[in-house]
Amino acid sequence: MSNRGDRFEWSGGHAALDLVNTVDERPFDTPVENLPTYRDLVRFAERSSLMERQSAAALRDRAGPACARVARRARKLREHLYEVLTAAYRNEPMPQKDLDAIGAAVRAAHAARLLVASPSTTLADHRWMRGEIDAPLHACALAIEHLLAGMDRGRIRKCGARDCEVYFIDTSKGRRRRWCSMKNCGNREKQRRWRSGTE
């Protein structure tokens, strides 16, 4: 977990995995939705560094049916990624319908970016159109594209606790990380095994 002072789970090591992990208690009957509103989506995009603070501030107080639709689409996109990750974890074929949905979101995200002159060391940079309410959704789509097409699949792991569905990037040398957090799931599983005599 992070000390960012919010309810999001930050142990994924990648913004796309942190997005998937915005649902708490997935294996249980009443999972906890941490992206219920557009404001929450904007907050997530900002705190995961998918959007700059200034861009997020311009959108944070937007509301209405259109914003609610963007948040709903972001949650659907998150679930498409979850299905892909679950299939990979189970060594099952990639669900093409989920990949197609992600692909459509990625294409829309690329199409929505503007190429503008850059004041930094490069000649140009990408920017979202000012006031573009889809910007946090697009930012999430591009993070998912980076995860799926740019990350070593062997580094993408699921927490080893039986009652945890948190995904993370394993950056350990021997690729031996088992838990989303040693403090929470790791400690709980060790105690569980000790009580049952298997540790």
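Please treat every number below as a calculation from the coordinates, not as lab data. Only a predicted model underlies this, so the values are computations on that prediction, with no experimental measurement involved. Neighbour counts are summed over all protein chains in view; Cβ atoms, including those assigned to glycine, are modelled from backbone coordinates with ideal geometry.
Highest average first, the peptides 125-133, 6-14, 154-162, 43-51 ordered by how many other beta carbon atoms sit within 10 Å of their residues are 43-51, 6-14, 154-162, 125-133.
What the Cβ-Cβ distance of R53 and R175 gives, at R0 = 41 Å and to the nearest 0.05, is a FRET efficiency of 0.75.
In summary, the aspartates and glutamates within cross-link reach of K173, defined as a Cα separation below 19 angstrom excluding same-chain residues under 8 places away, comprise D152. Between D100 and R72, the distance separating the two model label sites (each 7 Å from Cα on the Cα→Cβ line) works out to 2.1 nm.
Within the chain, which whole H helices from DSSP have a Cα span along their axis of at least 20 Å and a mean Kyte-Doolittle hydropathy of 1.0 or more, if any? Intermediate results must be reported in sequence, preceding the final value.
Details: long enough: 65-89 (36 Å, -0.34); 96-112 (24 Å, 0.15); 135-150 (21 Å, 1.21).
Span-like helices in the chain: 135-150.
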